[in-house]
Structure formats: structure tokens, C-alpha cells
1. Averaged over every viewing direction, what's the projected area of the C-alpha convex hull for region 51-156? Give it in nm², one decimal, please.
2. Mind listing the phi-derived Karplus ³J(HN,Hα) values for region 50-66, rounded to whole Hz, using 6.51, -1.76 and 1.60 with θ = phi - 60°, and x for any glycine or proline?
3. If E16, E114, E135 are ordered by their accessible area, calculated over protein heavy atoms with a 1.4 Å probe, which sequence runs from highest to lowest?
4. Whole Å is fine, so just give me how far the alpha carbon centre of region 104-145 lies from that of region 46-60.
5. Just to check I understand the Karplus step: with θ = phi - 60° and J = 6.51 cos²θ - 1.76 cosθ + 1.60, what whole-Hz values come out for region 157-171, glycine and proline as x?
6. Quote the FRET efficiency, to the nearest 0.05, computed for Q160 versus A12 with a Förster distance R0 of 30 Å and r equal to the Cβ-Cβ distance.
7. Spin-label point model (7 Å from Cα, Cβ direction): what's the A182 to M107 distance in nm?
8. Counting only heavy atoms of the protein chains, get the accessible area per residue of the chain (1.4 Å probe) and round it to a whole Å² value.
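The values are calculated or read from the model by the stated rules, or taken from the named source; none is laboratory data. Just so it is clear, the structure is predicted and the values come from calculations on it, not from any experiment. Virtual Cβ from ideal backbone geometry, glycine too; neighbours counted across all protein chains shown. Heads up: the accessible areas ignore ligands, DNA and RNA and are worked out on the full protein's heavy atoms, side chains in. Shrake-Rupley method; radii C 1.70, N 1.55, O 1.52, S 1.80 Å.
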Amino acid sequence: MSQTVQSSDVVAGVLEELRHPLHALGSDLAEVVLRRHPHGLPADPETRVAVIAKGARLIAERSRGTLALEVYNPSTNAGSVISVVVEDAPFLMSTVASRLELSGLQMASHAYPEFGVERDDDGTICGLRSARGAEERQTWIHVELDRRLDEDRIERLRDQLRGVLGDVRRATGDFDAMRARAEQRPPEFAPLD
């Protein structure tokens, strides 16, 4: 089966999972993640569709400036799933991976596409676009673990991830401003010609 046919099958499945107002968002997310991270999603087609649909819902429900995070066991027999939506920033995926390693957990699959968002007049996200040049950039992080966690472990992991991702957002929130400031050298530090 070609990648194009697989992509259209996934998009069709995602559209079946979502209510109509989220169709464009679900289709856009499926296209972005399948183009950027085709092997980063669960191999099981049913789980793959459900994960993308859940990601689209999370993107749509997230308020600007907040961290959207879910850790859950999917309805299929796949491992526990982590889904994060946040403004794009450095070190997000590496932070999640480090937290999982410290918790003794392994990733079975992961994807982390960044994208620009399009909003309607009410501020509701109505579509995704290329991150390049976008005024507002977000990242969706999907991780499937190699095993299912019990509810207590899910709750602890959710709290741990919320903490470390909050730290990253605080540490990198002014990343561009810090870089610009560092590039403004006083005359005594100007390069010699």
C-alpha cells in the first residue's frame, strides 16, 4: 500500500472520529504528522487514528498560553499514551524523553510535529499551516510507551511531566529575547577587524 493511500485512509478514519467542526483541524494534523513523522505513530491503524483525533481535540480545546497534557490508556491494547500541546519552544521533546528515562519508562513510538495555527475571528483554531513564518507556532508531542500503566502511575507521570514542561516553558519563554540581548555587544567586546 502506498504512503498516499495510507495517508488518505488515516485522514478518513480521523474524520470519522471527530465531530464536523474539527474536521479541518483533524485532517491538517493527520497530514502534518504523516508527512513529518510517518513512523512516529502507533503501528496499529485503529490506535493511530484515535491518537491523531485525540491530538486534534487537544489542540482545539487548549487555551493560548497554557499547557495541554493528557496521559491515558487507549481503548486498544497499545501502551499508555502521552499527548502534549504547547507553544513551540526548544527542548520540549528532550525534556519529555529525559523525564521518561528517569521514571524507568521506554518509548515505543513518538512524534512531535510543530505547526502554525490559523484562527477565526473568534480566536478559535480552525486550521494548521506550516510553522515556517507562522505568527503563532505550536507543537503536538505524541508518545506511546512500551507498556500500559496503572492509574496511579499515570497520575504521577502526568504531574511529573506537567512540572518539567512548566520549567522548560519558564526557562525558554524569553529565549529569543535573551539571544537578541546577547548579540548586542558593548563596543569593548566588538570583534577585531
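1. That works out to 7.1 nm², a quarter of the Cα hull's surface.
2. Residue by residue, region 50-66 yields 5, 5, 5, 4, 5, x, 4, 5, 5, 4, 5, 7, 6, 8, 3, x, 10 Hz.
3. E135, E16, E114
4. Cα centroid of region 104-145 versus Cα centroid of region 46-60: 12 Å apart.
5. Each residue's phi maps through the Karplus curve to give 5, 4, 5, 5, 5, 4, x, 6, 6, x, 4, 4, 4, 5, 6 Hz.
6. The value I calculate is 0.25.
7. 2.4
8. 56
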